[in-house]
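The values are calculated or read from the model by the stated rules, or taken from the named source; none is laboratory data. It should be emphasised that the depicted structure is a prediction, and the values quoted were computed from it without experimental measurement. Cβ atoms come from the backbone with ideal geometry, glycine included; neighbour counts cover every protein chain shown. Just the protein is used for accessible areas: all its heavy atoms, side chains included, with ligands, DNA and RNA removed. Shrake-Rupley method; radii C 1.70, N 1.55, O 1.52, S 1.80 Å.
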Amino acid sequence: MTIKRGIKSALSTLLSWLLRITAPLREGAERIYAHALLAATLNEQLPASVIVLGRVSIHGTGRIHIGENVLLYPDIHLETQGNARIELGDGLVISRGTHIVAAAGVSIGKGSMIGEYTSIRDANHTRDPDRPLRDSGYSAKPIEIGQEVWLGRGVTVLGGVQIGDKATVGANAVVTRNVPEGVTVAGIPAMPISSRVTGAR
């Protein structure tokens, strides 16, 4: 029994050591595979500078533009319907579990950061008394998110909203109306709590 435990311990130590020294190589291979998989599902070229840390799910038409030096975490859902496009600017960071769905259009400016499990959807279901909800259609209005915008964890952005450059949206906020440049909003619905616009008090 002691011999078996000793062998098991030695093998475990050896395997741990091998996994540790090969970790950078494995991580690099996983990123290359994830990048190639994403590139194969898009209708536009994916820049080589984009870092893809895990599976990104593409649904619908694949009309998605991703800029240079974008960082994509795992489990992101990107969906486009009809002629709608998703435009992701240079230098974005989109965190794990984010959903971006465009039926009219969604654009996010360069340098913005999107927190985990954020939902950016430009459409709402409509109700038709003669049809099931899933067959009743939807209404859609485009979403525009500016440059250097920070959306905290779990934010929801609804259709028709414009968020100005350098605005901040607190965690779990629901954005139902426009957010001016440099303003910080929080809550449900999101309301201004401070401003960093030059000269504002």
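Restricting to the stretch 38-60, what's the tally of residues that are under 13 Å from E79 (Cβ atoms) and surrounded by 16 or more Cβ atoms within 10 Å (Cβ to Cβ)?
So the answer is 4.
Before we move on, is E68 in a strand (DSSP E or B) and either under 15 Å from I114 (Cα atoms) or open to solvent by 60 Å² or more (accessible area, probe 1.4 Å) (or both)?
Taking the combined requirement at face value, the residue does not satisfy it.
Hey, can you tell me all the residues within the stretch 75-110 that are at positive phi, more than 13 Å from the chain's Cα centre (by Cα) and open to solvent by less than 40 Å² (accessible area, probe 1.4 Å)?
Once the filter is applied, which keeps residues that are at positive phi, more than 13 Å from the chain's Cα centre (by Cα) and open to solvent by less than 40 Å² (accessible area, probe 1.4 Å), the stretch 75-110 yields only G105.
For Y33, are the conditions met, namely being closer than 21 Å to G115 by Cα and either open to solvent by 70 Å² or more (accessible area, probe 1.4 Å) or touching a residue at least 60 places away in the same chain (Cβ under 8 Å) (or both)?
No: the conditions fail for Y33.
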